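Participant: One structure coming up, written as structure tokens, with questions to follow.
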Amino acid sequence: MKRLEVLFEDEDILVCIKPLGVPSQADKTRDIDMVTLAKKHIFDQEGQEGEPYVGLVHRLDRPVGGIMVFAKNQDAAADLSGQMLDGVFHKSYQAVLTGELREEGGRMTDYLLRDGKTNTSKVVPKGTKGAKKAELDYEVLDVIETDQGILSFVLIELITGRHHQIRVQCASRGVGIYGDTKYNPLFKDVKKNYKQIGLYASRIEFEHPSTKELLVFKAEPVGEAFDLIDVEEI
């Protein structure tokens with residue numbers, strides 16, 4: 001079983017790194033998931049009787065790596081969920097896109113409709129039944145010519161948190177996430193059992209559920225896509 005990489009832990013929260021290719025929670029594959037890893041970590045550390053409480057307050061898509069925070073009790077879970085709704089909880093990502101955006105920065109606003117049967121989302125016209133507004137801010141950090149074509153290194157801050165939001169919004173503008181076989185047409189012929197894409201949750205900011213102290217956690221992105229652009233030199 002994988003060992004959890006912990007950034008911070010106390011009696012209320014557990015902040016850790018989700019590796020690329022690991023599910024946030026149990027799914028039909030029965031592969032080891034982050035909730036299970038978090039529970040094992042807490043059990044091993046604290047040796048408490050019974051199964052530890054682990055509250056999943058946000059998710060990362062399976063092929064996405066980066067920072068996650070779990071609640072270790074119900075009060076913390078409720079507080080963090082409230083911060084999500086109130087816009088206090090901020091999540092930033094670093095992404096490698098295939099192609100080049102028209103503007104160096106700005107806001108993407110779309111309406112997304114989720115299809116539960118195919119586990120996909122798509123951009124639809126405003127007013128479409130069941131569609132939800134999706135917004136994110138982006139800043140292009142660099143554009144690189146590589147053997148894989150033109151790649152853009154982009155910083156993204158989510159305003160809303162919709163299903164596959166970043167992947168769908170970028171792909172709809174012709175600049176899909178590197179390695180994304182679900183939404184980027186350049187990777188449609190790649191085997192479906194991919195492990196990673198060029199999207200990484202590199203920063204989260206929120207208030208501690210008990211002390212109300214502002215907490216900020218950062219992590220450098222890893223994976224094939226980020227190796228192509230040599231992030232350390234940017």
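The values are calculated or read from the model by the stated rules, or taken from the named source; none is laboratory data. On a predicted model such as this, the values are computed, not experimentally measured, just so you know. Note that each Cβ is placed from the backbone with ideal geometry, even for glycine, and that neighbours are counted across all protein chains shown. Side chains included, ligands, DNA and RNA excluded: accessible areas come from the protein's heavy atoms. Shrake-Rupley method; radii C 1.70, N 1.55, O 1.52, S 1.80 Å.
Participant: Keeping to the range 142-160, report how many residues are within 26 Å of His90 (Cβ to Cβ) and either in contact with a helix residue (DSSP H, G or I) (Cβ under 7 Å, 6 or more places away or on another chain) or part of a strand (DSSP E or B) (or both).
Facilitator: Total meeting the criteria: 10.
Participant: Can you find a residue that is assigned to a helix (DSSP H, G or I), closer than 30 Å to Ala71 by Cα, at pLDDT below 95 and not charged (D, E, K, R) anywhere in the range 180-194?
Facilitator: Among the residues of the range 180-194, not one is assigned to a helix (DSSP H, G or I), closer than 30 Å to Ala71 by Cα, at pLDDT below 95 and not charged (D, E, K, R), which makes the answer no.
Participant: Restricting attention to the range 129-155, which residues are closer than 17 Å to Gln165 by Cα and either polar (S, T, N, Q) or more than 20 Å from the chain's Cα centre (by Cα) (or both)?
Facilitator: Gly130, Ala131
Participant: Return the total of residues in the range 166-179 being under 15 Å from Arg62 (Cβ atoms) and in a helix (DSSP H, G or I). Walk me through it before giving the result.
Facilitator: If we filter the range 166-179 for residues that are under 15 Å from Arg62 (Cβ atoms), which is where we start, we get 166-167, 177, 179.
With in a helix (DSSP H, G or I) added as a condition, the list becomes 166-167.
Final tally of qualifying residues: 2.
Participant: Is it the case that some residue within the range 164-175 is among the polar types (S, T, N, Q), closer than 26 Å to Pro19 by Cα and open to solvent by 20 Å² or more (accessible area, probe 1.4 Å)?
Facilitator: no
Participant: Still on this structure, please answer the following. Take the residues of the range 145-161 that are within 17 Å of Ile197 (Cβ to Cβ) and open to solvent by 10 Å² or more (accessible area, probe 1.4 Å): which is modelled with the highest pLDDT? Write out each step before concluding.
Facilitator: The first filter runs over the range 145-161 and keeps only residues within 17 Å of Ile197 (Cβ to Cβ), leaving 146, 148-149, 151-156, 158.
If we keep only those that are open to solvent by 10 Å² or more (accessible area, probe 1.4 Å) too, we end up with 146, 148-149, 155, 158.
Details: Thr146: 88, Gln148: 82, Gly149: 90, Leu155: 98, Leu158: 94.
Checked the range 145-161; the qualifying residue modelled with the highest pLDDT is Leu155.
Participant: Within the range 184-193, does at least one residue satisfy the condition of being of a type outside the set (Asp, Glu), in contact with a helix residue (DSSP H, G or I) (Cβ under 8 Å, 6 or more places away or on another chain), crowded, with 16+ Cβ neighbours inside 10 Å and in contact (Cβ under 8 Å) with a residue 60 or more places away in the chain?
Facilitator: yes
Participant: Residues that are assigned to a loop (DSSP other than H, G, I, E, B), under 23 Å from Pro209 (Cα atoms) and of a type outside the set (Lys, Arg): does the range 29-41 have at least one?
Facilitator: No: the range 29-41 contains no residue that is assigned to a loop (DSSP other than H, G, I, E, B), under 23 Å from Pro209 (Cα atoms) and of a type outside the set (Lys, Arg).
Participant: Mind listing just one residue for me: the one in the range 42-77 that is part of a loop (DSSP other than H, G, I, E, B) and of a type in the set (Asp, Glu) and, of those, least open to solvent (accessible area, probe 1.4 Å)?
Facilitator: Within the range 42-77, the subset part of a loop (DSSP other than H, G, I, E, B) is 47-54, 57-64, 72-73.
Okay, now just the ones that are also of a type in the set (Asp, Glu), so 49, 51, 61.
Values: Glu49: 178, Glu51: 136, Asp61: 46 Å².
Only one residue tops the list, namely Asp61.
Participant: Let me ask another. Output the qualifying pairs, or none if there are none: Cβ atoms under 8 angstrom, residues six or more apart or on different chains, first residue in the range 26-47 and among the β-branched types (Val, Ile, Thr), second residue surrounded by fewer than 11 Cβ atoms within 10 Å (Cβ to Cβ) and not in a helix (DSSP H, G or I).
Facilitator: Listed by first residue and then by second, the contacts come to Ile32/Met1; Ile42/Gln48.
Participant: Restricting the search to the range 195-224, which residues are open to solvent by 30 Å² or more (accessible area, probe 1.4 Å), in a strand (DSSP E or B) and in contact (Cβ under 8 Å) with a residue 12 or more places away in the chain?
Facilitator: Arg203, Glu205, Glu207, Val216, Lys218
Participant: Among the residues in the range 78-91, are any closer than 21 Å to Ala38 by Cβ, crowded, with 20+ Cβ neighbours inside 10 Å, at pLDDT 95 or above and of a type in the set (A, V, I, L, M)?
Facilitator: Scanning the range 78-91, I find at least one residue that is closer than 21 Å to Ala38 by Cβ, crowded, with 20+ Cβ neighbours inside 10 Å, at pLDDT 95 or above and of a type in the set (A, V, I, L, M), so the answer is yes.
Participant: Filter the range 14-36 for residues that are hydrophobic (A, V, I, L, M, F, W, C) and open to solvent by 10 Å² or more (accessible area, probe 1.4 Å) and give the result.
Facilitator: Start the filter on the range 14-36 by keeping residues that are hydrophobic (A, V, I, L, M, F, W, C), which leaves 14-17, 20, 22, 26, 32, 34-35.
Answer for the range 14-36, where residues must be hydrophobic (A, V, I, L, M, F, W, C) and open to solvent by 10 Å² or more (accessible area, probe 1.4 Å): Ile17, Leu20, Ala26, Ile32, Val35.
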